[in-house]
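Chemist: Let me begin by handing over the structure; questions about it come next.
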Amino acid sequence: MKTLRLTIDGVTVTAREGMSVLEAALEAGIYIPHLCHHPDLKPVGVCRLCLVEIAGRGMTISCKTPVEEGMVVKTESPDIELARRVAVELLIVNHHADCLSCAKDGACKLQEIARYVGIEEERLQRLRRTTRSLPVDSSNPFFLRDPNRCVLCGICVRTCEEIVGASAIDYAFRGYATVISTLGNRPIVQSRCESCGECVARCPVGALVPRQERNPAREVRSVCAYCGVGCGLYLGVRGNQVVRVRGAAESPVNRGRLCVKGRYGHGYIGHPERLTTPLIKRDGRFVEASWDEALDLVAARLAGYRGDQFAALTSARCTNEENYLLQKFTRAVMGTHNIDHCARL
Amino acid sequence: MTFEGLQRRARDEWQALSESAVPLIQVGTATCGRSAGASAVVDALREALQREATPALIMEVGCIGLCFAEPLVTIRKPGRPAVCYGHVNPERATQLVSEYLLRDNPLADWALGTVGEGRIEGIPELFETPVLRPQVRRILRNCGFIDPTNILHYVARGGYTGLVRALGMARGQIIDEIRRAGLRGRGGAGFPTWRKWQFCLEAPGEPKYVVCNADEGDPGAFMNRSLLESDPHSVLEGLLIDGYTVGAREGYIYCRAEYPLALERLHNALAQMREQGLVGENILGSGFSFDIHIKEGAGAFVCGEETALLASIEGRRGMPRPRPPFPATSGLWGKPTVINNVETLASVSLILQKGAEWFAEYGSEKSKGTKTFALVGKVKRAGLIEVPLGITLRDIVYGIGGGILGDKRFKAVQTGGPSGGCLPEALLDSPVDYESLTTAGSIMGSGGMVVMDEDTCMVDVARYFLDFTQKESCGECVPCRLGTKQMMDILTDITEGKGREGDVELLQEVALAVKKGSLCGLGQTAPNPVLTTIRYFRDEYEAHEQGRCPSKVCKALIRYRIVADKCKGCQICLRACPVGAISGERRQVHTIDVGKCIRCGVCLEVCPARFGAVECVTGQ
Ligand SMILES: Cc1cc2nc3c(=O)[nH]c(=O)nc-3n(C[C@H](O)[C@H](O)[C@H](O)COP(=O)(O)O)c2cc1C
Ligand code: SF4
Ligand code: SF4
Ligand code: SF4
Ligand code: SF4
Ligand code: SF4
Ligand code: FES
Ligand code: FES
C-alpha cells in the first residue's frame, strides 16, 4: 500500500493511502477528540468533534477526510476551539450528571474529551441543563440501555448493522427527541437483538453497559469453550473467578467478536452446581467417582457391544480434535458409522 | 405520433378553445384556491349554468398567484378579453352567470383585470395592475391559464420544444447553453446548474440518475407546489432534458405526501407523457430512453436536503451524510446523481425552449433570470410572485405586496424560510440576489418571503423559527441536535422574562458553533434567524432583558389593565373575558385580576373604541 506524508501540527506523519486524517493522527500519537469514530466501523462524521483545519480548505472533520500527500493539518484554532467546546458543553449539559454512579466512569470517552477540552464550570452554568429523564431499558438479561447517557454517536447502530448483521436498532424520532430505538420502540428483549453485546462492547459512554460485571484484576487469554469455532477471548479474573469476558481482537478466528454465550455465558465456570468429578450410578443414585473408575467402567461396558449396536453423539462444545477422535473410535474400534453431532440436530 | 403531429393536435385544440363560441369560465382550483372555497364556486357555477340553461365551458386551472384574492374566476366571452374576478364565493359566482353571461354586465367592481386583447370599460388590464406590473411571468407563464391535466395545452404553448431541441444537441452543447443562461439552483444554495450536470456527466459509474427535489418543507413556501399543480409538464420536461444531458435512464421526483394534488397532477402528467411517447423507451424516436418514478416523502423538512433525500429514496431513514462525496459523483445507490429543484428544472425547460440569451435578459450580474417567491405575512397582497432577480425588497414588499396590512409600520422581512434571516427596513433597498442576501446574513433559499410589521416581536420570531428547526433536525449530529434546542430554550426563557445576563452573547456563541460545526445545511443555517435578529434588532433583546416586550407579544412581559377614568362600566369586557378575570359593577370602573388574567387580549378587542379603556402595557 502506498504511504503518504502529511504534516499535523507541524509534525511530519506517515500514513497509508485510504486512511483518514483522524486515523493518521491517532496512529502517530496525536490525539483529536472523537466520539463517533470507531476503528471497526465505516466513518459517518456525525459527532462533529474531530474538527481540524486543513490548509487551503478550512475547517472540516478529520474522520471523513482521506489523507493526501503533502496535506498540512492543524488540530487547534480559534474556530475549532469554539465549535468543539460548545459541542462538548452541550453534550455534558444534556447528559446524566452523575458520573460516579456510572459503570463507565473512568473509561468513558465523553469524560476523556471533556478533560481534553478542559471544561469550565462557569461556562456550563450559563447553559440550560436538560430536565428530561427517559426510562432505562432493563429488559435484556445481560445489559442495560440508558438513553439518558447516550450521545447518539450511532456506533451501536452501525455495529449491529455492519458487524453483526442483525440491524436490531436504529435512530428513531427527530430533533431533541431522537433516540436509538428498536422497531416500534419496544424493549430490546422483544426486538431481533441477539444479545451478542457487540454494541455494548463499543459504546463509548455509559449508555450501554453490562448488567453484572466487576472489573477484573487481570486478564487471561483463552479460547471460548462453547463451540468448535474457537473464538479467542480474554477472561477477566478476580482471584480464581471469571468476572468478565471480552473478545480478543488479534484472534484471526473472531477478530474480537463474540456471541451472547461466549460473552455473557461464563457463569457456569464457577457455578456451585457445576460437575467437577464423574458420577457413577450406584443403587439408583449418582455418586462421585474418580476418572479412572469412570473410564474403566465405560470401557468394560462398551466391550460388550459391536457394530450397529452402538451409536455415538458428540458435541459442538468439544474441539475439532475431540470430535475427530470420537468418530475415529466409532468407526475403527466400534465398527459402525453411527456417529452424529449436536450441531446437526 | 410524431412530435409535429402532437403539436398540430395541440394547436388545433388550443385554437378551438380560444375561438370557442361559448364562454369559457376558468376557476383556479389549485390547493390554495380549494382551501379558499373554489370547489364550492365550481359547483355553484355548474348549477347556475344549468338553471339558466346557458352553455359555457368550465375549466379548472391552476393558480395565477393572486392568493390575496382567492378564489379566482376568469370568464372569457367570445370577442371579449377575459375578465379575472377575485374573492368569488358561490353567491358571486351565481351572480356572474346571471349578470355577465346573460346580461352582459361585467360587474367591474369585482373584476381584478382583463387578460388578452380588447378592453372593458372600468376594468384595468390585469398585467398592468400594481401587483403584476413589476412581475415578469416566465416560469409561471402557464399557471392559471392552461388546464394542468391536459398535455395538449402545455404543448400548444411551446411545451416540449425544449426537449426536442435538446435531443438534437450534443450533451456538451446543452451544458454550455445552461452555463450561458447563468442558471443557478433554485432550491436554496444557488449552485450553478451547468457545473453540477458537468460533474455528473464526467463522473465514472453507471447507471446515472437525476432527481427532482419537490420536498418543499419550509413553512410559508409554496412555489413548487403551485407550479406542480398548475403546470407539471414544465418541470417534467426539464427532468427529461436533465436525464438526457447527463446520460441517465431513470429519474425520480421526490414530492412530499402532504401535496396530494401535486402528486395527482404528476401521475396524470406522466401517464399522458407515456401515451405520447415522451417518456419510456426511445423517446420521440430519438433513441433516448428514460423513465420517471414518483417517490412520496413523509413530511420531514430535512428530507429536502439532498443526501437525506437520497437516503429516503433508497428506503433508509432520511438523514444527511457529510459531503464530499457529492451526489454528482456518488448519489443514489452510490451512482452519479444530479438533484435539482422543481423551479430549476422548469427554468431548464425555458432555457432550451427560448435560448440562453433570452433567459439571461433579466437578472443581475451573478444571479440571472427570474425567480418565484411566496410573498406572505403582513402584506396587503400576499401571493405567489415571479420577479427578475436583482429587484429590491422594497419593490416586492411595497410594489407587488402593496405595503403593510392596515398601513402599519414595516419591521422586517424574512427570506429563505427557517434557514434565512430577518432583514430590517434599512436593507429594503438591497437587491434580491444570492450574494446580497447572504452578505446581509440571510439566504435566498427556495423563495419563502415573510413580511413582518411593527406588532411582531423579533425575539419571538427567532424562537418560532428555532422551534421549527429544532424539531426538524434529524438528530444525528451534536451541534444541530443540541445547539438548536439550547438556543430555543434560551429564547424561550428570554420571551418568558427569565433571561439571564449574558444570554445574548451566549446565543451568539452557540449560534456560531452550530453554524460552523453542523453536518448539513439545516444546522448550518438554523442559527440565521437568531443571528440576524440580534444583529438588526438587538434593542428588542435588551428590552426583554429589562422585562419589556416592545411589540407587546410575549405574554409573560405584558399586562392588561383598565384605565379608571376611561372605563364606563359597560361590562362588555367582563362578559367576554374567558377566565372571569374582570370584576366590577354596572357603571362602575372595572378591574382586571392580574393573577387570573391569561393575557388573551379579548378585553382590549371588545372594549368599545369610543371608550378605549383597556390598555396593554409592558415593563414596570
Ligand atoms: C434542510 C434543507 C432542506 C432543503 N429543502 C429543499 C427543498 O425542499 N427543495 C429543494 O429543492 N431544495 C432543498 N434543499 C436544498 C437541496 O439540498 C439541494 O441543494 C437542492 O435540491 C439542489 O437543487 P438546485 O441546485 O436545483 O437548487 C434543502 C436543503 C436543506 C439543507
Ligand atoms: S448507545 Fe452508545 S453507542 Fe449507541 S448511540 Fe448511544 S452512545 Fe453511541
Ligand atoms: S446486542 Fe448485538 S444484536 Fe443486540 S443490538 Fe447489540 S449488536 Fe445488535
Ligand atoms: S445539521 Fe441537523 S439536520 Fe443536518 S445532519 Fe446534523 S442533526 Fe441532522
Ligand atoms: S386579557 Fe383576556 S384573560 Fe386577561 S382580562 Fe382581558 S379578557 Fe380576561
Ligand atoms: S369594555 Fe371598556 S368601558 Fe366597558 S367595562 Fe370594560 S374596560 Fe370599561
Ligand atoms: S469522529 Fe469525526 S465526526 Fe465524530
Ligand atoms: S461517565 Fe460518561 S457516560 Fe457515564
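Chemist: So how strong a dipole does region A:132-211 carry about its Cα centre when Lys and Arg Cβ are +1 and Asp and Glu Cβ are -1, to the nearest 20 debye? Before the final figure, lay out each step's value.
Modeler: Working: 9 positive and 7 negative charges, 51 e Å.
In debye, rounded to 20, region A:132-211 gives about 240.
Chemist: For region A:214-272, what is the per residue volume of the convex hull drawn over the alpha-carbon atoms, in cubic angstrom? Each step should come with its number before you reach the end.
Modeler: Numbers: hull volume 4.4 nm³, N = 59.
So the per-residue hull volume is 75 Å³.
Chemist: State the percentage of accessible surface on the protein assembly as shown attributable to carbon and sulfur atoms; use a 1.4 Å probe and exclude ligands, DNA and RNA. Kindly include the intermediate steps, with their values, before the conclusion.
Modeler: Numbers: 21380 of 41950 Å².
Summing carbon and sulfur atoms, their accessible area is 51 percent of the total for the protein assembly as shown.
Chemist: To make sure I understand the rule: partners must be lysines, Cα under 18 Å from the Cα of B:K498, and not fewer than 8 residues away in the same chain. Which ones qualify?
Modeler: List returned: B:K485, B:K552, B:K555.
Chemist: Hey, another quick one. Would you mind calculating the gained length between B:W358 and B:R535 on full extension (0.36 nm times residue separation, minus the Cα-Cα distance), in nm to one decimal?
Modeler: Values: separation 177, 0.36 × 177 = 63.72 nm, distance 3.93 nm.
Contour length minus Cα-Cα distance gives 59.8 nm.
Chemist: Here's another thing I want to ask about it. Calculate for the protein assembly as shown the 222 nm mean residue ellipticity that helices alone would give, adding -39,500 (n - 2.57) per DSSP H run of length 4 or more and normalising by residue count, nearest 500 deg cm²/dmol.
Modeler: Values: 32 runs with 301 residues, N = 965.
Counting only the DSSP helices, I get -9000 deg cm²/dmol.
Chemist: Something else: Counting other C-beta atoms within 10 Å, and keeping those with at most 12, which DSSP coil trypsin sites (Lys or Arg not before Pro) do you find in region B:87-186? Walk me through the intermediate numbers first.
Modeler: Numbers: sites: B:R92, B:R103, B:R119, B:R137, B:R138, B:R141, B:R157, B:R165, B:R171, B:R179, B:R180, B:R184, B:R186; in loops: B:R119, B:R137, B:R138, B:R141, B:R157, B:R186.
Answer in residue order: B:R119.
Chemist: Separation between the B:R500 and A:T336 pseudo-spin-labels, each 7 Å from Cα along Cα→Cβ, expressed in nm?
Modeler: Calculated label separation equals 8.1 nm.
Chemist: Okay, moving on. Taking the DSSP beta bridges in chain B as the whole, what percent of them are antiparallel, to the nearest 5?
Modeler: Numbers: 38 of 67 bridges.
Just about 55 percent of them are antiparallel.
Chemist: Something else about it: Among rounded, prolate and oblate, which fits region B:282-338 when a ≥ b ≥ c are the square roots of the eigenvalues of its C-alpha gyration tensor, a/c under 1.5 means rounded, and a/b larger than b/c means prolate?
Modeler: Oblate.
Chemist: Taking Cα centroids, how far is region B:48-77 from region A:53-105 in Å?
Modeler: When both Cα centres are located, 61 Å separates them.
Chemist: Quick one: pull the percentage of alpha-carbon pairs in region A:177-264 with a separation above 22 Å. Before the final figure, lay out the partial values.
Modeler: Numbers: 1252 of 3828 pairs.
The share of Cα pairs beyond 22 Å in region A:177-264 comes to 33 percent.
Chemist: I need the shape label for region B:199-312. Rule: rounded when a/c is under 1.5, else prolate if a/b > b/c, else oblate, with a, b, c from the alpha carbon gyration tensor.
Modeler: In terms of gyration-tensor shape, oblate.
Chemist: Lys/Arg Cβ at +1, Asp/Glu Cβ at -1, dipole of region A:191-345 taken about the Cα centre: which of A:N215, A:V333, A:L235 is farthest positive-ward?
Modeler: A:N215
Chemist: May I pose another question? What is the ratio of the Cα radius of gyration of region B:370-453 to 2.2 N^0.38 Å, with N the residue count, to two decimals?
Modeler: Numbers: Rg = 11.1 Å, N = 84, 2.2 N^0.38 = 11.8 Å.
The reported ratio for this selection is 0.94.
Chemist: Grab the alpha carbons of region A:3-125, take their convex hull, and tell me the volume per residue in Å³. Mind dumping the intermediate values first?
Modeler: Working: hull volume 13.6 nm³, N = 123.
Residue-normalised Cα hull volume stands at 111 Å³.
Chemist: Could you do me a favour and compute the accessible area per residue for the protein assembly as shown, 1.4 Å probe, result in Å²?
Modeler: Ligands and nucleic acids excluded, the result is 43 Å² per residue.
Chemist: Angle between the Cα long axis of helix B:260-275 and the longest principal axis of chain B, 0 to 90 degrees, nearest 10?
Modeler: With rounding to tens, the tilt is 0 degrees.
Chemist: How high is the relative contact order of region B:227-383? Use alpha-carbon pairs under 8 Å, at least six apart in sequence, and give a whole percent.
Modeler: Numbers: 188 pairs, mean separation 31.9, N = 157.
Answer for region B:227-383 is 20 percent.
Chemist: Determine, at each q value in 0.09, 0.10 (inverse angstroms), the log₁₀ of I(q)/I(0) that the Debye formula gives when each Cα of the protein assembly as shown is one equal point scatterer.
Modeler: Values returned for q = 0.09, 0.10 Å⁻¹ are -1.09, -1.25.
Chemist: Could you work out how far apart the two model spin labels at A:A172 and A:V229 are, taking each label as a point 7 Å from the Cα in the direction of the beta carbon, and quote it in nm?
Modeler: In this crude spin-label approximation the distance works out to 2.8 nm.
Chemist: Kindly give Rg over Rh for chain A, based on alpha-carbon atoms, with the Kirkwood expression for the hydrodynamic radius.
Modeler: Numbers: Rg = 26.7 Å, Rh = 24.2 Å.
So for chain A, dividing Rg by the Kirkwood Rh gives 1.10.
Chemist: Chains A and B: how much accessible area gets covered up at their contact, both sides added, probe 1.4 Å, in Å² to the nearest hundred? Intermediate values should be presented prior to the final figure.
Modeler: On the way: alone 20240 and 24570 Å², together 41950 Å².
Chain pair A/B: roughly 2900 Å² of buried accessible area.
Chemist: I would also like to ask the following. Which of the aspartates and glutamates could be linked to A:K74 by a straight reach, that is with a Cα gap under 14 Å, when you skip same-chain ones fewer than 8 residues away?
Modeler: A:D9, A:E53
Chemist: Toward the positive end of the charge dipole of the protein assembly as shown, about the Cα centre and with charges on Cβ (Lys, Arg +1; Asp, Glu -1), which of A:I80, B:Y244, B:I396 goes farthest?
Modeler: It is A:I80.
Chemist: I want to make sure I understand the PRE zone here: with the label point 7 angstrom from the Cα of B:R171 toward its beta carbon, which residues in region B:178-201 have backbone N atoms less than 17 Å away?
Modeler: Under 17 Å, as judged by backbone N against the label point of B:R171, lie B:178-179, B:193-201 of region B:178-201.
Chemist: Going through region A:96-195, which GluC sites (Glu not before Pro) have at most 12 other Cβ atoms within 10 Å and a DSSP loop state?
Modeler: Numbers: sites: A:E112, A:E120, A:E121, A:E122, A:E161, A:E162, A:E194; in loops: A:E120, A:E194.
Filter output for region A:96-195: A:E120.
Chemist: Here is a further query. Which three extents, in whole angstrom, do the alpha-carbon atoms of region A:107-214 cover along their principal axes, largest first?
Modeler: 45, 30, 26
Chemist: Considering just Cα atoms, how many Å³ per residue does the convex hull of chain B enclose? Let's see the in-between values first.
Modeler: On the way: hull volume 103.9 nm³, N = 620.
In chain B, the Cα convex hull volume per residue is 168 Å³.
Chemist: To the nearest Å, what is the center-to-center distance of region B:523-540 and region A:1-52, using C-alpha atoms only?
Modeler: Their Cα centres are 35 Å away from one another.
Chemist: Okay, next question. With r defined as the distance between the Cβ atoms of A:L302 and A:L325 and R0 fixed at 22 Å, what FRET efficiency is calculated, to the nearest 0.05? Before the final figure, lay out the partial values.
Modeler: Values: r = 15 Å, r/R0 = 0.67.
Here the calculated transfer efficiency is 0.90.
Chemist: While we're here: Which distance in nm do the two modelled labels at B:T2 and B:S18 give, with both placed 7 Å along the Cα-to-Cβ direction?
Modeler: Label at B:T2, label at B:S18, 2.4 nm between them.
Chemist: Between B:R559 and B:D407, what's the calculated FRET efficiency when r is the beta-carbon distance and R0 is 25 Å? Round to 0.05. Present the calculation step by step, with values, prior to reporting the outcome.
Modeler: Working: r = 27 Å, r/R0 = 1.10.
The formula returns an efficiency of 0.35 here.
Chemist: A further question on this structure: If a paramagnetic tag sat 7 Å from the Cα of A:E194 along the Cα-Cβ line, which residues of region A:249-269 would have the backbone N under 16 Å from that point?
Modeler: What the label zone holds, given the 16 Å backbone N cut-off, is A:253-265.
Chemist: Further question: Work out the FRET efficiency for B:E258 and B:R119 from their Cβ-Cβ distance, taking R0 = 41 Å, and round it to the nearest 0.05.
Modeler: Working: r = 42 Å, r/R0 = 1.02.
The computed FRET efficiency comes out at 0.45.
Chemist: Per 0.36 nm of contour for each residue apart, how much would the distance between A:A55 and A:L134 grow if the chain were fully extended, relative to their Cα-Cα spacing? Intermediate results must be reported in sequence, preceding the final value.
Modeler: Values: separation 79, 0.36 × 79 = 28.44 nm, distance 4.33 nm.
In short, 24.1 nm is gained.
Chemist: I've got another one for you. How big is the charge dipole of region A:279-344 about its Cα centre, in debye rounded to the nearest 20, if each Lys and Arg gets +1 on its Cβ and each Asp and Glu gets -1 on its Cβ? Mind showing how you got there, number by number?
Modeler: Details: 9 positive and 9 negative charges, 49 e Å.
So the dipole magnitude of region A:279-344 works out to roughly 240 debye.
Chemist: Also, I was wondering about something else. Have a look at B:C422, B:G441, B:G377 and report the one farthest towards the positive end of the charge dipole of region B:370-453, computed about the Cα centre with Cβ charges (Lys/Arg +1, Asp/Glu -1).
Modeler: Of the candidates, B:G377 comes out farthest on the positive side.
Chemist: Could you give the size of the charge dipole of chain B about its Cα centre, using +1 on the Cβ of each K and R and -1 on the Cβ of each D and E, expressed in debye and rounded to the nearest 20?
Modeler: Numbers: 71 positive and 73 negative charges, 125 e Å.
In debye, rounded to 20, chain B gives about 600.
The values are calculated or read from the model by the stated rules, or taken from the named source; none is laboratory data. Keep in mind the model is a prediction, meaning the values are calculated, not measured. So basically every Cβ, Gly included, is an ideal-geometry build from the backbone, and we count neighbours across all protein chains shown. Calculation scope for accessible area: heavy atoms of the full protein, side chains included, ligands and nucleic acids excluded. Shrake-Rupley method; radii C 1.70, N 1.55, O 1.52, S 1.80 Å.
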